[in-house]
1. Can you work out which of the residues in the stretch 27-66 that are hydroxyl-bearing (Ser, Thr, Tyr) and either within 17 Å of Asp6 (Cα to Cα) or in contact with a Ser or Thr (Cβ under 7 Å, 6 or more places away or on another chain) (or both) is farthest from the ligand (Cβ to nearest atom)?
2. Determine whether Lys34 is over 21 Å from Tyr127 (Cα atoms), basic (Lys, Arg) and at pLDDT 95 or above.
3. Applying the selection to the stretch 44-80, what residues are open to solvent by 20 Å² or more (accessible area, probe 1.4 Å) and either in contact with a Gly (Cβ under 7 Å, 6 or more places away or on another chain) or among the aromatic types (Phe, Trp, Tyr) (or both)?
4. In the stretch 156-211, which residues are more than 16 Å from the ligand (Cβ to nearest atom), among the polar types (S, T, N, Q) and open to solvent by 50 Å² or more (accessible area, probe 1.4 Å)?
5. Considering only the stretch 101-121, how many residues are within 24 Å of Ala47 (Cα to Cα), open to solvent by 40 Å² or more (accessible area, probe 1.4 Å) and of a type outside the set (A, V, I, L, M)?
6. For the stretch 191-199, state whether one or more residues are at pLDDT 95 or above, under 20 Å from Ser55 (Cβ atoms) and in contact with a His (Cβ under 9 Å, 6 or more places away or on another chain).
7. Consider Ile86 carefully, then state whether it is in contact with a helix residue (DSSP H, G or I) (Cβ under 7 Å, 6 or more places away or on another chain) and not in a strand (DSSP E or B).
8. Residues His73, His79: which one is away from the ligand (no atom under 16 Å from the Cβ) and part of a helix (DSSP H, G or I)?
Amino acid sequence: MELFLDTANINEISEINNMGIISGVTTNPSLITKEGKDFKETVKRIAEIVNGPISAEVNPNLTKAIDIINEAHVIAQIHPNIIIKIPMTEEGLKACKTLTREGIGVNMTLIFSANQALLCALSGARYVSPFVGRLDDIDIVGVDLIKSISKIFKQNSISTNIIAASIRNPLHVTECALAGADVITVPYKVIKQMIAHPLTDIGIEKFKKDYN
Ligand code: G3P
């Protein structure tokens, strides 16, 4: 299993990458806009920091496969490690099929059902991104979706990777890891929460006192 960082903030990425715990980065239009910088420049800088899959999302206003494909070709030129993130729609599936057969990695996003994930996998997606937190937000147990997709993919020898996304707390990470996610894409704040534990702090203070 791998951890990706779910942010477009260069400082956050540099800091966490130095710990050797992330294998990639995911972005989306909201995360890019939050940083307020040029999309291509931001994605390029991220790809130069983290040597792994960097998900960059196509313009969500594009509704035709041909337009999604054309934009994906431009984005893919930014860096060899770029993965094209495409929202799960009919036209998105068509674009996924074409791009996959061209050798361009696709991460199908905004996945909220096992059937959506299955269709994306059949279309050739390298990754599917089920959103755990947003299901929890509407009183549906998000991690159950990870369990279902993982069981379907394993039983049918489907190689598409599950990226558990929309992660809101450390418990989501543990639950998704137990549920069979191949990747969990984690916000900076949650990574920091995962590292810390009050008993560790208490133990360090005692060791320092005894050492001194
Ligand atoms: O990778 C998708 C993630 O950024 C969405 O998270 O908290 O907006 O549901 P959230």
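The values are calculated or read from the model by the stated rules, or taken from the named source; none is laboratory data. Just so we're clear, the structure is a prediction, and the values are computed from it rather than from any experiment. All Cβ positions, even for glycine, are placed from backbone atoms using ideal geometry, and neighbour counts span all protein chains on display. Side chains are part of the model used for accessible areas, which takes the heavy atoms of the whole protein and leaves out ligands, DNA and RNA. Shrake-Rupley method; radii C 1.70, N 1.55, O 1.52, S 1.80 Å.
1. Thr42
2. Here the answer is yes, as Lys34 does meet what is asked.
3. Listed by number, the list holds a single entry, Pro53.
4. Asn156, Ser157, Ser159, Thr174, Thr200
5. In the first step, residues of the stretch 101-121 are kept if they are within 24 Å of Ala47 (Cα to Cα); the result is 101-110.
Those left that are additionally open to solvent by 40 Å² or more (accessible area, probe 1.4 Å): 101-103, 110.
Subsequent filtering for residues that are of a type outside the set (A, V, I, L, M) retains 101-103.
Counting residues in the stretch 101-121 that are within 24 Å of Ala47 (Cα to Cα), open to solvent by 40 Å² or more (accessible area, probe 1.4 Å) and of a type outside the set (A, V, I, L, M) gives 3.
6. Scanning the stretch 191-199, I find no residue that is at pLDDT 95 or above, under 20 Å from Ser55 (Cβ atoms) and in contact with a His (Cβ under 9 Å, 6 or more places away or on another chain), so the answer is no.
7. It is false that Ile86 is in contact with a helix residue (DSSP H, G or I) (Cβ under 7 Å, 6 or more places away or on another chain) and not in a strand (DSSP E or B).
8. Working: His79 fails: part of a helix (DSSP H, G or I).
Result: His73 is the single residue among His73, His79 that is away from the ligand (no atom under 16 Å from the Cβ) and part of a helix (DSSP H, G or I).
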